[in-house]
Structures are given as C-alpha cells and as structure tokens.
Amino acid sequence: MCDILLEDLKKYCASVSSNETLSRLQNMTRDKRFLKTNPDLDSSVTILIHQLCRCDELASAFSLYQDKFIAQVKSIIKTNLPRERNQLSSDSQYSVDLPSQQAVSGGSKVSRLIKEQTPVEFQEMLVNTFTHTSEALRRLYRHQKLLLDVSLSEITSNKQSPSNGQDMISQLDIRTGINESIRIVQLRMGKIIVVRRDSTSSLRFDHFLKLYSICVLFIQ
C-alpha cells in the first residue's frame, strides 16, 4: 500500500511544473488536478485496506506510510540542494539534516555551495523546492481523504463495536504526518535561507524583491 501511494505521489509531483504551481500560488489558475485519482489506485488501495483490516494491521500500515512520505518530503529538499559541478551525485555526502547550526557558521560543504550560488541560482532552488513540496502536500491531503473514506467504509462494513471503531479512526488520519512534513519544510528552508543572510542583506533591490515574493507566496 505504501509503495502504491508513494508512486502516485511521485508521479503527481513530476506531472506539475514549477510554473504551473507558481500560477496557482498567485491565483492565476485554480487547477484542481490534485483531487483526481486513477481508478486503479482507488481499487488497489481499497483491496489492500480490506486485507490489512482483516489481519489487524491497518493502523500500523498507516503509521508506516506517514514515516515514508515524511522521508519523501525530506528528499525533495535534499534533491534541490546545490552540488559541485564536477562531482557525481552521491546521497552519502548530503545529510538530510543540513544545513544545521554548523552549516550556518560556514562549516559544511552544503553551506559553502549555497553561499556560492548566484542570486538567480538561489532563487531557482527555492522556487523548485517550494513548488514541489507544495504539490506533494496537496496530494497528501488527497491521500488522506482517500484513506479515511475507504477505511471508515471498511470499519462500518465489519460492524466493529463503537469504542473499537472510534479508537481505530483516530489512528487512521494521516494529518499528523502531513503537519510534521510542513514543520520540517518550514524549519529546513528557514535554515537554508539563513545561510545566505549576509549576502541577502546586500542584494540588489530587484533580486531582494524577487526573493521576498518567493518566500511570501509559499508562506501564504
């Protein structure tokens, strides 16, 4: 179930360009593609939830999915971090917890690479990260509705006792994981922006206004 949902999350994010997301954030379009799901996805999830419910593993499966999509959101941030041009891609060289306080003080490779970016490169990195994470979060809210609807239907059809059913429902809402993903994005992007605090304070006015508008769009 986790694999199916994660694959849908990745495909959806890949199908939406940064420009499309920027248009939506600026209220230039009201695209609701994130609400549409493939009937095959709905059918597969329904069958798997039925099987998970039969063996009392539904809550644990939902908990596992939350862990996995939180890791996926972290990966979006990590993927957009700058890398040395002459260096092969290697995940082992980039800690997902960076930039940390050490990075802010200039002690890490990632911090150095962020500082070396031009204003345009830094803005592009922010736009790519913000737009991709924004779409991922929107899709996760769609997954939340799908999982809750199917699970509640399954619990009702099994005629579980009200107390047991109510307790189960509280474990089937993945909103906690979505909120944690939002917190992680805010925290890590804040740290990344702080790395360039000195250069940001002396930016040319048009570059500063562009940077400001990017951040405001995402906050809104």
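Couple of notes before you dig in:
- Volume per residue that the Cα convex hull of the stretch 166-206 spans, once the total is divided by residue count, Å³: 71
- Partner lysines for K10 [C-alpha distance under 20 Å; skip if fewer than 8 residues away on the same chain]: K32, K36, K68, K74, K78, K145
- Surface accessible to a 1.4 Å probe, L203 within the full protein complex, Å²: 40
- Using the Cβ-Cβ distance between T79 and T118 with R0 = 25 Å, the FRET efficiency computed as 1/(1 + (r/R0)^6) comes to roughly 0.80.
- Among T118, T46, T133, residue whose mean-square fluctuation peaks in a GNM of the chain (springs only between Cα atoms under 10 Å): T118
- Across D42, D8, D56, the residue with the most accessible area heads the list, and the full order at a 1.4 Å probe is D56, D42, D8.
- Full extension of the chain between S18 and L152 yields a length gain of 44.7 nm, computed as 0.36 nm times the residue separation minus the alpha carbon distance.
- Top of V73, V127, V45 by mean-square fluctuation, Gaussian network on the chain, Cα under 10 Å: V45
- Point-to-point label distance, H50-K36, nm (Cα→Cβ direction, 7 Å offset): 2.7
- R0 of 22 Å, Cβ-Cβ distance N179-M28: FRET efficiency to nearest 0.05: 0.20
- The computed percent of Cα pairs over 33 Å apart for the structure shown corresponds, within (1) 33; (2) 15; (3) 27, to (3).
The values are calculated or read from the model by the stated rules, or taken from the named source; none is laboratory data. Quick caveat, the model's predicted, so the values are computed rather than measured. Methodologically, a virtual Cβ is constructed for each residue, glycine included, from the backbone with ideal geometry; neighbour enumeration extends over all protein chains shown. Keep in mind that these areas ignore ligands, DNA and RNA; they rest on the heavy atoms of the full protein, side chains included. Shrake-Rupley method; radii C 1.70, N 1.55, O 1.52, S 1.80 Å.
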